[in-house]
Every structure is written in structure tokens, then in C-alpha cells.
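Working notes for the structure below.
FYI, it's all coordinate maths here, none of it is from the lab. The model shown is predicted, which means the values in this text are computed figures rather than measured ones. Don't worry about glycine lacking a Cβ; one is built from the backbone with ideal geometry, like all the others, and counts go over all protein chains shown.
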Amino acid sequence: MHAQTVRLIHLKQVGPDCHLLKFDCPEVANQARPGQFVHLRVTAGCDPLLRRPFSVMRTNPAEGSFEVLVRVVGRGTEMLAQSQPGSEFHVLGPLGNPFELSGPEGDVVLVAGGVGVAPLIFLATALHESERHRYVRALFGAGTEDDLCCWLELSGVCDEFTAVTEDGSAGETGLVTDFLPEQLDRGAGCVYACGPRAMLAEVARQCQAAAVPCFVSLEQWMGCGVGACLGCVIPTRASGVGRYQRVCKDGPVFDAAVIDWEAMRGGCGPG
Amino acid sequence: MHAQTVRLIHLKQVGPDCHLLKFDCPEVANQARPGQFVHLRVTAGCDPLLRRPFSVMRTNPAEGSFEVLVRVVGRGTEMLAQSQPGSEFHVLGPLGNPFELSGPEGDVVLVAGGVGVAPLIFLATALHESERHRYVRALFGAGTEDDLCCWLELSGVCDEFTAVTEDGSAGETGLVTDFLPEQLDRGAGCVYACGPRAMLAEVARQCQAAAVPCFVSLEQWMGCGVGACLGCVIPTRASGVGRYQRVCKDGPVFDAAVIDWEAMRGGCGPG
Amino acid sequence: MAAGRVDLSVDLAGLRLVNPVLVASGTFGYGTEYADLVDVSKLGGIITKGITLQPREGNPPPRICETPAGMLNAIGLQNPGVEVFICDKLPALREFGIPVIVNIAGETADDYVALAARLSECEAIAALELNLSCPNVKQGGMHFGIDCALTRTVVGAVREATRLPLITKLSPNVTDIAALARAARDGGTDALSLINTLLGMNVDIRRRQPTLANVTGGLSGPAIRPVAVRMVWDVADAVDLPIVGMGGIMSAADALQFIMAGATAVAVGTANFVDPGVTGRIIKDLAVFCEEHGVARIADLIGAAHSEESR
Amino acid sequence: MAAGRVDLSVDLAGLRLVNPVLVASGTFGYGTEYADLVDVSKLGGIITKGITLQPREGNPPPRICETPAGMLNAIGLQNPGVEVFICDKLPALREFGIPVIVNIAGETADDYVALAARLSECEAIAALELNLSCPNVKQGGMHFGIDCALTRTVVGAVREATRLPLITKLSPNVTDIAALARAARDGGTDALSLINTLLGMNVDIRRRQPTLANVTGGLSGPAIRPVAVRMVWDVADAVDLPIVGMGGIMSAADALQFIMAGATAVAVGTANFVDPGVTGRIIKDLAVFCEEHGVARIADLIGAAHSEESR
Ligand SMILES: Cc1cc2nc3c(=O)[nH]c(=O)nc-3n(C[C@H](O)[C@H](O)[C@H](O)COP(=O)(O)OP(=O)(O)OC[C@H]3O[C@@H](n4cnc5c(N)ncnc54)[C@H](O)[C@@H]3O)c2cc1C
Ligand SMILES: Cc1cc2nc3c(=O)[nH]c(=O)nc-3n(C[C@H](O)[C@H](O)[C@H](O)COP(=O)(O)OP(=O)(O)OC[C@H]3O[C@@H](n4cnc5c(N)ncnc54)[C@H](O)[C@@H]3O)c2cc1C
Ligand SMILES: Cc1cc2nc3c(=O)[nH]c(=O)nc-3n(C[C@H](O)[C@H](O)[C@H](O)COP(=O)(O)O)c2cc1C
Ligand SMILES: Cc1cc2nc3c(=O)[nH]c(=O)nc-3n(C[C@H](O)[C@H](O)[C@H](O)COP(=O)(O)O)c2cc1C
Ligand code: FES
Ligand code: FES
């Protein structure tokens, strides 16, 4: 874990409200693992006050850089999208627990929704480059074709790739979870998912029914990002002190089976 | 008085911490009079929250632009100095009462300290261009040669110009007020001054002793800038409701004789 | 439903406001100061700077100071007194054609009564706002507003002196805002407004002295919004009176937080300094929000966050 | 005088701190969470997350929410309980070699007494901070801290149960902070710390519900600094006890405001989240300030803004 000031070296709009930001930071480039995130201070002032978490989408250890895919949803992401290459940002990272690469035998199924694709691109790249080559099938869903940001980056490192849009403007028509049953029917060693909560809950439900291990990357508003404030918790099926686990430290990747999806339904955080 | 979003069209560093900023704004360009100021919103966010007041240094009605000279003293001025041409800012102005151009007969003496030179450059330019040509003698003081920002702009529109630096790196050595007595001895119709409070108090004292009318441009922290909040007052010699007058609305130019310089000494505001 | 079709009007203790957006006392002068910049006639109403029986010169400067997302002020109720107000300020205020709510402050209960009686003789005053909460004066002001018995007494006395709608403005510098609200209700107030400023201070570390000449001042602006929303929420739970919510409102989203927490109307204060166009934008954006969310009358959103579900 | 020569040490009720910069309870975990990022051994001391007798699971999420220049939290004292704290957390805390101040919270006076007694058996605890001011739990917490008689009773009972230095943490959600300070003094506290968070809330206008599952939360961060400085000022005037000042400290300049207002030490809270390096920078900049202003001992600045001149 490092804390340092890094330089934004490149910035590219890759969708209606999506931007790819590349930072010069050898430490994160070398150490980040798929599923980990960085905690970025958007301004030196106090508006907004808190840092913003973003999953690492790609590292380039040779160049000493890493990339994040940012969707503009509010003031902090807006400021990031508007910033100039050369600007400096304070970054903490890499943070959190990565996806387990050495999951159970069998095909890997990735389920991405919107910018949730970012950590899965990193994961698919790592699987693709790993010695123990595993067959990777990806589902990537979004509202429209334009929202399928960085789909090329994902399809390029998967063995099979299915795009799904709600309006049918690209790939299959519907929700990404409509197409998960057939993937599960074909047999799968393990499912990794990242995206909106409702999507994750449905993925988790289907995987549990099919008895396929499932790992999800969750989001929650964060204070410290390092496990100190207990602000970013999500409900698990445990009780007592273990009931609420920290997304920043115990996650953001969780075994879907430990999450209390019922309690999440009340709307206990973003997305 | 206008409220609008204007574009920064040019920005130039003109001293160790001084920057000249030019904004595209026909309304202020056409309407501003020497001594008036603009109230600038430095950020669309709330850090810093309040607007910042700056005297108009120059207008260019043909181009539809106006300029302000900004000394970096804190966060707001730092942000202005760092901004990119093309950025947009919300501006209120022109605000406040201008210098009376049609002052008493006789030579005009200008006394400028540091960035206090800004409104006096505008004033000297207006006097220079006015039909009734008056003889203008200017004193401009600062710490060092480098701090004599925009002295060329001032000397170019005065009939006599004396620079004064505390360290003697340019012009005369000492405080600008050390050189006011000889100006007053030569006879003067009227003195106009802008600069640090201690300087203004001394200018006022000398002018009163010499029975020369003196007008000063004062500063105070501002809330609204338009006379509504009663936040920006300075003490005058009046008593009752008239005792405290608003820099933004009743000033920023005041007859030095009405100011309660004794009460100002306690340190009742910036400078 | 077009934005123009949304009904933004609200009923504030019998006072019909065409929209719920007022300007807060002390931040909009007597209306004329902003007349060049703001179409004042489009506001839901205007609450004037605090008026006292006698003219007041106010506190020595510095009177204000910026803080993170906020500001401190210690104006000390500088004002020309009620007679000059009536002669010089009220005629222009009336011209705007919107409800004029006059904020009054006193050092004794009798002061409040005299002010209320005098102002009740004037036409064109829509309501009185009883400032029991000014933190920046030595006598009166907040000293009433932090004591339940005093609050009840003063409100009761003023109630007898006027038939104008009475809005009591509460101080946030108390342990139990709901108790104060009940005291004002028991005194006979028609509505409540909250919050006034939080007592704060700043130290000028270079001069090793308080920055404000008055030592302490009142904190306003976005910084205090969460405290204000919480107090509106608490008071809405405690009493059945209409509330004017304020404290850090900078946008329609902020205004909606207050409305959903239980405010019938809102007042915009410090934000006027930051952006004089803010009230116009809020009024417009409130209509847009209602339209986008299928809300026919903004009044339907009052207290909406108090539904069973959220308890 | 070189910065290295400035004496930054202070005496907090007999506790010698090498510098006046502590970390505030609940914002620095049990020290280890930040150990990769911060040289914890250079801090003046560490105040741990609030500990209760029994483990607590805390409040459901969302527990935090950002506000202008601040944040709301409603953690609800999630903690593993005093026994696990002693076994699992204390040994690592001791390793930092700095004073460890343990923040304790209870639902009854007996809870506080039992906690104090149990922790007094441990080595390596420098002092106890009595959290009478947690706004986010249903029982205990702030309910003590807003009542003078209860405060005096609880402090008095704990005083009897321990010989450790006792720091009582006050709630800012009160009408008269000085009265609470006097009550804690009368109960026998050795020092005071203030402020805890201001009670606030946020409404999620899209969902028409409070943003936090707990409805209300505690406001912290730069937004509350002026309120905190004012309360430290008031308490310094009211009682003759050392004060740990906190609330929105982001820089040495902020820390100096508290010190000049009367604080002997300061605690940095929310700022740790924004910038984990903040405490190191504050310690360095305090030395630089002293050097530049010819101050040999930072202790000479305690209460400096209370000079006659400024009254
Ligand atoms: C571990 C983790 C990894 C993430 N990775 C990415 C990523 O790779 N790309 C990406 O675009 N976003 C990612 N997010 C979400 C991102 O952090 C938020 O969108 C961002 O912080 C919003 O900041 P803002 O100032 O623009 O929005 P705000 O103005 O703070 O809020 C605007 C809206 O965004 C929602 N929001 C605020 N904070 C969060 C949050 N922490 N998570 C989700 N929604 C939030 C709010 O509910 C609100 O509706 C991640 C979040 C977490 C916790
Ligand atoms: C009518 C008027 C005209 C002015 N014209 C000019 C000008 O032409 N050029 C120029 O550089 N400055 C001018 N100023 C001063 C300028 O407004 C301040 O320097 C600026 O607002 C400071 O903002 P900041 O955020 O950088 O400083 P802050 O971070 O707010 O404060 C830093 C330091 O500046 C001082 N300061 C803060 N506000 C003011 C203020 N309103 N006036 C003076 N000092 C302040 C503070 O005491 C502090 O020591 C003028 C002020 C007034 C009232
Ligand atoms: C400069 C200033 C002057 C004020 N004067 C008064 C006043 O005279 N009477 C009053 O009741 N409130 C006064 N207030 C308080 C505001 O009406 C309002 O309650 C408070 O500022 C919170 O709202 P805001 O955060 O939107 O500013 C004043 C506030 C400011 C900033
Ligand atoms: C996430 C969080 C958790 C906190 N937990 C505690 C606690 O357990 N006990 C306590 O006394 N104060 C707690 N506090 C209050 C802080 O110690 C401090 O008093 C307050 O945050 C003000 O300081 P700040 O503005 O620097 O954060 C907590 C604050 C935050 C932000
Ligand atoms: S963000 Fe602080 S514990 Fe996770
Ligand atoms: S700044 Fe508001 S009256 Fe001058």
C-alpha cells in the first residue's frame, strides 16, 4: 500500500460519460492485482472532501502506469473527467483484496455491468496471461451500445464474449443476467461479477441455485479506504461483530454466498 | 451592475506573486469607472465559498475586455493564478463608487502601494484621456523592484513618476510615504491613494495636515459585494447608524477625512 | 406534465406563497440591494434584515470571516430602526408585489411587543419573523431562544399584540430543539423558522486573536446544512406547525432535503452572496424535479422522508 | 532557532506528549490500519476507536455520507469488546511506543466503571477517554453527555475506579458546553476533550429517505471547525483543565487555532481519511511556525488568543 502524488498522463473519453484515465505510478503498476482499487483525492481543497475509490482496470508495469475507467456520476468524477493531463493527484493504493485467480477447476464466467467492467478487464487480462490458461467466457451488459465502454479491451482477452444491451443497439437484447442461465447450463468453474447491485444480487442468486462459486466486487461509500473507520460496511450472513464487513479491507471482492442480499435490498448504499 | 459568466482570455505573470488576468466581458469593459471593482467567483464549488473582490485595472471597450491585477495571498488567488485561459468565471460588476475624476483644481498626486496600483492605473489612464487634462504625479512603492508590478503601465499615463522600494533595488529607497511630503509641498489639488492600510493612514495624516483633499480605496472582507449583508464595513468618524460604512457600496473609495483611522489601527480587517 | 404545470405554491400558516423559496433574513438586505441582479418579484417571499425599535450601529469590524464551506458573521443587528424602516424601506419592498416578512429583534419582551404592534399598523406586511436567536448581540436575541420558558413568554406576548401571522425563528445552539419548538407553539406561534446560525469562532493565528472583533460569530452556509436538516426533521416530528427550513441551501436538491424533512418553505441565505441568481435557479429546478418525478404539487413532498418505511 | 530546536512537547494532565498531535477516536482504528502509511511512532499519541464491554456489531449501512466540507457517520460503535481489544489490539498498539489513550463507551454508569476497572489492569494504557458523547447509539453515549448531573455522576464513578488519567469527551450538541465542562471537572476528570460530532442528517431526495440507515449521524470535518474552536474557547474560559481540541483540523494552522483558543493538545480525525500524511505534516509545520515566530515552546501558545487585548 502506497500513498503518493501521481501525475495524470493520459485521459480519453470512451463513452457518453466514461473516461479512461492513465496515471504515472510504478508502485501501483507493479503491485496491483485484479479486483484491487485505488483511493484518489480529487482536489487539494475540501470540495469534495473525501477520496473517491476506483477499481484498477489495467496496469502497465513496463511503463509504470495504471488506468482507471471513470463514469461521471457527480462532482468528484466530473472534476476528474475535466482535468488536464499533467495534473497531479494524491493516490492511495493498491487497496483491498483481489480476485482469487486460482479458483476452482472449469471455465471462468465473467459478468460485467457498465463500468463494472473495469476490474473484470484486469482479471481477464491476468487470466489470459497466466501460465495455467483457463477458458474465459464474458458477458458484458449496458444500456446501449455506447455504454459498452472498453468492450474491445475485454473481448480481446476472453475466449468467448457476449455483449448485451437493454435497447438491442449492440449484441443481444435484454439484461445481462438474462444470458447467464445458458452460461451456467454449459457448466462453469466459477463466476466473477461486477456491476450494479441489482445485477449482482441476481447473479448471486443464479449461481447459488446452480451451485457455482461466485465472487462479486461490491461498492460502498468510503471514508478511509484502509479499514480504520468502519464506514464502508455491507451486511453479511454472519451475526455479531462479523455481521458487517468492510468493503475496503475485507472486500471489495466477496464470496457472494456470505453476503446478506436480502439486507442489501433495502438500499444500503450506492448502486 | 451585471452578473454573468465570463471567459478568461489571457493570463500573465507580472511579478513574483502577481498575475494580470484579462476577461472577455463587454458589460464591465463599457461601464467600469476607475476605483470600481468586480466580485469574482473563483470556483463553482464551495472551497472557497465566497467571491473575491478585485479592482478593475484596465478596460478595453473596443475589445470588450477588462483586466485585474491579482496578488497571490491565499487559496482563492492561487486558484485564479493557476487557471487556464478559456476557463469560465462568474463575475459581478462593476461594483462600488468610483474615484471622482472632477476633483479640486491643481495637480493630482497618486500614491500606490503594491497591487494597490491597479485602480490608480485605471484612474491615471482616465485622467490622461480626459478632455480636461490634469497634471498627474505618481508615487509607486513596493518592497523590491520585482514587486513594482505594472509600473510601466502607470508611468506611461502620468506626467511624473517616482518609484520607491524598501530595499532600494529600484528608484528611491524607503517607504512611499517618505516621499509624499515633497509632493504636498509642491502643492496638490488632490491625492488619490490605494495600498496597505498603514500606508493609507499615513497618507491621510499627511494630507490632512497639509489640508489637501485625499481619497483612498479601502479593503475589507466581503460577503455579498452589493451592500446587502453589512459585512464589509469600516469605521468612520460618524456616530450612530452612520458609523460603520460599507466598503462595497459606500466605498471602496472614501474621503480620507471621514475614516476613523484610530479605530482602524486595532486591525479591523485585511491589510 | 410540463414544468410550467407543476404547482409550486405552498400555504405557510395561511400565507399563500407562489413558490416555497424565500430569502433569509440579513442576507438580502431590504430587497433593493439585489434588485438589479435578481427578479425579486419571482421569489416566494422576502424576509428582511432584522429590525429593532431603535437604530443600531452594529458591531465593529471585522464582522465576517470565511470558513470551510461556510462563513462567520457578527453584524450585530446594524439597522436604521423600525421608524426609518417603515418610511424608507417598506415602500420599495411593497413594490415587489411579494409577501414581505419582517424579521424583528429586541432586548426585552416589551421590545418585541412594541415592534409587533407598530408593524401591525402598516399595510403590506405579510408576516413577522421573531428573531429569538441572534447570536451576535449582548442582550436579547439568542438569550430568549435558548430558554423554553422565555421563548413561550415572548411569543405569547407578541401573539397578543398582533394579528399578523407569526413565525418564530429558532436557534440551533440548544440541546433540544424540539422542546424550544413546543415552547414557541405553546406561546401561539403560527409557524417556525430554523435554523439561525451556529455559534462559532475563528482565530487569526498571525495576530493571536479572534478574527472577528466580536470574538464569536454565527456560522452559516453549506457547512451547516446537515445540522439544519436534522433540526427540521426533529421539529417536524415534534410539532404540527409549518416550518421554514434554512441553513446552507445552495440548490434545488438542498431545498428538497429540507422539504422532505418537513419544511413547508425554505429560505436561502449565504448562497445569495455566492450566486445572486441562485434563488431563480432553485425555483426553476424545483419545477424540473417535480416534473421528472411525476409530482404534481410540491406540497406533496413536504415531510416525504418521514414515511413509515424510513423509521 | 532551528525547527528541530523548537520544543513541541506538552503536558496533558501529567501525561507528557512529545508533540501535541493525537489522532481522534474512531478515525485511526487501532493504529495498525494506518501503519503502512503513517509513522505512528511519531505521533503525540493515539486515541483508539470506542470500546464497549461487550462486542457490538454496529449500525446497518449506509453508515457514512459526504456533506459540504464534512461527513456524517453513524458507525454505532462497532467494536470487538474490551476483552478482544486487550488480547488482540493492545499488544500491537503498545509496539508504537507512544501514549495509548483508550476511548470507552457504555450504556450505563456501571459499564463505564467496569471498563475503566478492567483497562486499569493493563499495562501500556496511558489514559482513558470517556466518550459521553457518541450520537449514534440508542442507549448511553450522548445521553450522558448532554446532562450535567449525569455527566458528573458518571465521571465521579469512573474516577473512583481508576488511577489512570481521565479525559472526558464532551458533546457539542448542548446549549451550554461550559456547564458540562464544569460538571466533568466536579466529577474529577483530569482533562477534557472536545468536540465530538454535531448531530446532523442528510436526505436522499431520489429515494425520499434519510441517506443513513440510522437516520441521523455525527457531522465531522472542516465544516465544524468554527463551532469546535468556539467551544474550546468557552471551555478554556470556564474551567482550569487541560483540553484536547478537535473538530475539522486539516493543517497546522487549524491546530494552532485550537491551541491559541486554549487547547493543550489536538486530535486529528476526519483529515486522516482525506490525507493519511496529514499528522506528520502538521507536526512538522507546527515546528516551522514556532521557529518563524520566535516561539521556543509550543506550550507558550496555549490560550494565547485569550490575552487581555482581545477581550
Ligand atoms: C471499490 C470501489 C471501486 C469502484 N470502482 C469504480 C470504477 O472503476 N469506475 C467508476 O466509475 N466508479 C467506480 N466506483 C464508484 C465511484 O467511486 C463513485 O462513482 C464515485 O466515488 C462518485 O463520486 P462523485 O463525486 O462523482 O459522486 P457523488 O457526487 O459523491 O455522488 C453522485 C452519485 O454517485 C453515487 N456514489 C457516491 N459515492 C459512491 C461510491 N463510493 N460508489 C458508488 N456510487 C457512489 C451517489 O450515491 C450519488 O448517486 C467504485 C466504488 C468502489 C467502492
Ligand atoms: C475593493 C477591493 C479591491 C481589491 N482589489 C484587489 C486587486 O486589485 N488585486 C489584488 O490582488 N487584491 C485585491 N483585493 C484583495 C483581494 O480581494 C484579496 O487578496 C483576496 O480576496 C484574497 O483571497 P485568497 O483566497 O487568495 O486569500 P484568503 O485565503 O482568503 O486569505 C489569505 C490572506 O489574505 C487576506 N485577505 C482575505 N480576504 C481579503 C480581502 N477581501 N482583502 C484583503 N485581504 C484579504 C487574509 O487576511 C489572509 O491573510 C481587493 C479587495 C477589495 C475589498
Ligand atoms: C450576514 C448575515 C446576517 C444575518 N442577519 C440575520 C438577522 O438579522 N436576523 C436573523 O434572524 N437571521 C440573520 N441571519 C441568519 C440567516 O437568516 C440564516 O438563518 C442563516 O444564515 C442560515 O442560512 P444560510 O446558511 O442559508 O445562510 C444572518 C445571516 C448572515 C450570513
Ligand atoms: C468515522 C468516525 C468514527 C468515530 N468514532 C468515534 C468513537 O468511537 N468515539 C468517539 O469518542 N468519537 C468518535 N468519533 C469522533 C471523532 O473522534 C472526533 O471527535 C470528531 O470526528 C471531530 O473531529 P474531526 O472533525 O477531526 O473528525 C468518530 C468520528 C468519525 C468521523
Ligand atoms: S472506508 Fe474506512 S473502513 Fe472502509
Ligand atoms: S459585502 Fe455585503 S455589504 Fe458589503
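Using amide H atoms built in the peptide plane, which far-off residues or other-chain residues are under 5 Å from residue C:12 H to H?
So residue C:12 has HN proximity to C:17.
Among the lysines, which have Cα under 23 Å from the Cα of residue C:49 when same-chain residues fewer than 8 positions away are ignored?
The reachable lysines, counting only those whose Cα sits under 23 Å from residue C:49, are B:249, C:89, C:138, C:169.
What number comes out for the charge environment of residue A:107, summing +1 per Lys or Arg and -1 per Asp or Glu over other residues with Cβ under 14 Å away?
Numbers: positive: A:132, A:134, A:137, A:186; negative: A:105, A:159, A:160, A:182, A:185.
Local net charge: -1.
If you take the charge dipole of segment A:2-95 about its Cα centre, with +1 on Lys and Arg Cβ and -1 on Asp and Glu Cβ, which of A:70, A:44, A:9 is farthest toward its positive end?
A:70
Sequence gap at least 6, Cα distance under 8 Å: using those rules, report the relative contact order of segment A:220-271 to the nearest whole percent. Numbers along the way, then the final one.
Numbers: 66 pairs, mean separation 18.0, N = 52.
Relative contact order for segment A:220-271 comes out at 35 percent.
With springs connecting C-alpha atoms under 10 Å apart, model chain B as a Gaussian network and identify which of B:29, B:238, B:193 has the largest mean-square fluctuation.
Evaluated over chain B, the most mobile residue of the options is B:238.
Any idea what the dipole of chain D comes to, in debye rounded to 20, about its Cα centre with Lys/Arg Cβ at +1 and Asp/Glu Cβ at -1?
Working: 25 positive and 33 negative charges, 120 e Å.
With Lys and Arg at +1 and Asp and Glu at -1, about 580 debye.
Given charges of +1 on the Cβ of Lys and Arg and -1 on the Cβ of Asp and Glu, with all other atoms neutral, how large is the dipole of the protein assembly as shown about its Cα centre, in debye to the nearest 20?
On the way: 92 positive and 128 negative charges, 318 e Å.
That gives the protein assembly as shown a dipole magnitude of about 1520 debye.
So what J values fall out for segment B:2-18 if you push phi through Karplus, 6.51 cos²θ - 1.76 cosθ + 1.60 with θ = phi - 60°, rounded to Hz, Gly and Pro as x?
10, 10, 7, 8, 10, 9, 6, 9, 7, 8, 9, 7, 10, x, x, 10, 10
If you plug each phi of segment A:209-226 into the Karplus form 6.51 cos²θ - 1.76 cosθ + 1.60 with θ = phi - 60°, what whole-Hz ³J(HN,Hα) values come out, in order, with x for Gly and Pro?
With coefficients 6.51, -1.76 and 1.60, one gets 4, 8, 6, 9, x, 9, 10, 10, 9, 9, 10, 7, 4, 10, x, 7, x, 10 Hz.
Take every Cα pair under 8 Å in chain C that's 6+ residues apart, average their separations, divide by the length, and report that relative contact order as a whole percent.
Working: 729 pairs, mean separation 64.6, N = 311.
The normalised contact order for chain C reaches 21 percent.
At 18 angstrom or more along the helix axis (alpha-carbon based) and mean Kyte-Doolittle of -0.5 or higher, what helices does chain D contain? Whole DSSP H runs only.
Numbers: long enough: D:148-161 (20 Å, 0.71); D:225-238 (20 Å, 0.40); D:278-292 (20 Å, 0.55).
Those that clear 18 Å and a mean of -0.5 are D:148-161, D:225-238, D:278-292.
Only helical DSSP H runs with n ≥ 4 go in: add -39500 (n - 2.57) per run for chain A, normalise by residue count and round the 222 nm mean residue ellipticity to 500 deg cm²/dmol.
Working: 7 runs with 57 residues, N = 271.
Using -39500 (n - 2.57) per qualifying helix, the result is -5500 deg cm²/dmol.
Between copies, how close do the residue D:7 label points come, placed 7 Å along Cα→Cβ, listed in nm from shortest?
Ordered by increasing distance: 7.4 nm.
Between B:249, B:12, B:22, where does the largest GNM mean-square fluctuation fall for chain B, given springs only between Cα atoms within less than 10 Å?
Maximum fluctuation in the GNM of chain B, among the listed residues, is at B:12.
Quick one: grab the alpha carbon gyration tensor of segment A:99-219, order the square roots of its eigenvalues as a ≥ b ≥ c, and give me rounded if a/c is under 1.5, else prolate or oblate depending on whether a/b is larger than b/c. Don't skip to the answer; put the middle values down first.
On the way: a/c = 1.59, a/b = 1.22, b/c = 1.31.
Oblate, because a/c is 1.5 or more while a/b does not exceed b/c.
Determine ³J(HN,Hα), in whole Hz, for all residues of segment C:207-213 in sequence, where each value follows from phi through the Karplus function 6.51 cos²θ - 1.76 cosθ + 1.60 and θ = phi - 60°; x replaces Gly and Pro.
8, 6, 9, x, 5, 7, 4
Just to verify a number: FRET efficiency for residue C:108 and residue D:36, C-beta to C-beta distance, R0 = 35 Å, to 0.05? Kindly include the intermediate steps, with their values, before the conclusion.
Working: r = 62 Å, r/R0 = 1.77.
Once the sixth-power term is evaluated, E becomes 0.05.
Could you tell me the distance between the Cα centroids of segment D:175-223 and segment A:1-73, to the nearest Å?
Between the Cα centres of segment D:175-223 and segment A:1-73 lies a distance of 34 Å.
Which far-off residues, 5 or more places away or on another chain, put their amide H under 5 Å from the one on residue A:111, with H placed in the peptide plane?
Placed amide hydrogens put A:139, A:192, A:193, A:194 under 5 Å from residue A:111.
Using the number of other C-beta atoms within 10 angstrom as an exposure proxy, rank C:176, D:11 with the fewest first. Kindly include the intermediate steps, with their values, before the conclusion.
Numbers: C:176 15, D:11 12.
By the 10 Å Cβ count, ascending: D:11, C:176.
Helix-only estimate, please: 222 nm mean residue ellipticity of chain D, summing -39500 (n - 2.57) across DSSP H runs of length 4 or more and dividing by its residues, to the nearest 500. Can you show the working numbers first?
Details: 9 runs with 90 residues, N = 311.
Result for chain D: -8500 deg cm²/dmol, rounded to the nearest 500.
Counting only other residues whose beta carbon sits under 13 Å from that of residue D:133, what net charge do I get with K and R as +1, D and E as -1?
Numbers: positive: D:169; negative: D:129, D:147.
So the surrounding residues net to -1.
Where the centre of each part is set by its Cα atoms, how far does segment A:219-271 sit from segment C:251-311, in angstrom?
Rounded to whole Å, the Cα centres lie 32 Å apart.
Which one of D:266, C:192, A:81 is farthest out on the positive end of the charge dipole of the protein assembly as shown, using unit charges on Cβ (Lys, Arg +1; Asp, Glu -1) and the Cα centre as origin?
Highest projection toward the positive end goes to C:192.
Under the rule a/c < 1.5 gives rounded, and otherwise a/b versus b/c splits prolate from oblate, where does segment C:215-311 land using the Cα gyration tensor?
Details: a/c = 2.29, a/b = 1.15, b/c = 1.99.
Note, shape of segment C:215-311 comes out oblate.
How shielded is D:210-217 by partner chains, expressed as the average number of their Cβ atoms within 10 Å of its Cβ atoms?
Values: counts 10, 6, 1, 7, 0, 6, 5, 2.
What the average comes to for D:210-217 is 5.
Report, in whole Å, the centroid distance computed from the Cα atoms of segment A:170-215 and segment B:121-145.
A separation of 76 Å, based on Cα centres.
Counting alpha carbon pairs within less than 8 Å and at least 6 residues apart, what relative contact order, in whole percent, applies to segment A:1-68? Spell out each step's value before the answer.
On the way: 110 pairs, mean separation 21.5, N = 68.
After rounding, I find 32 percent.
Would you please classify the overall shape of chain C from the alpha carbon gyration tensor, given that a ≥ b ≥ c denote the square roots of the eigenvalues, rounded means a/c under 1.5, and beyond that prolate means a/b larger than b/c while oblate covers the rest? Mind dumping the intermediate values first?
On the way: a/c = 1.31, a/b = 1.23, b/c = 1.07.
It is rounded, given that a/c, with a ≥ b ≥ c, falls under 1.5.
Let me check I've understood the local charge: for residue D:223, count other residues with C-beta under 12 angstrom from its C-beta, Lys and Arg +1, Asp and Glu -1. What total comes out? Before the final figure, lay out each step's value.
On the way: positive: C:225, D:225; negative: A:47, B:47, D:66.
Counting the neighbours of residue D:223, the net charge comes to -1.
Per residue of A:199-209, count partner chain C-beta atoms within 10 Å of its C-beta, then hand back the mean as an integer.
Details: counts 0, 0, 0, 0, 0, 0, 0, 0, 0, 0, 0.
Mean shielding count: 0.
So who's got an amide H within less than 5 Å of the one on residue C:268, skipping anything under 5 residues away but keeping other chains? H placed 1.01 Å off N, in plane.
C:22, C:23, C:24
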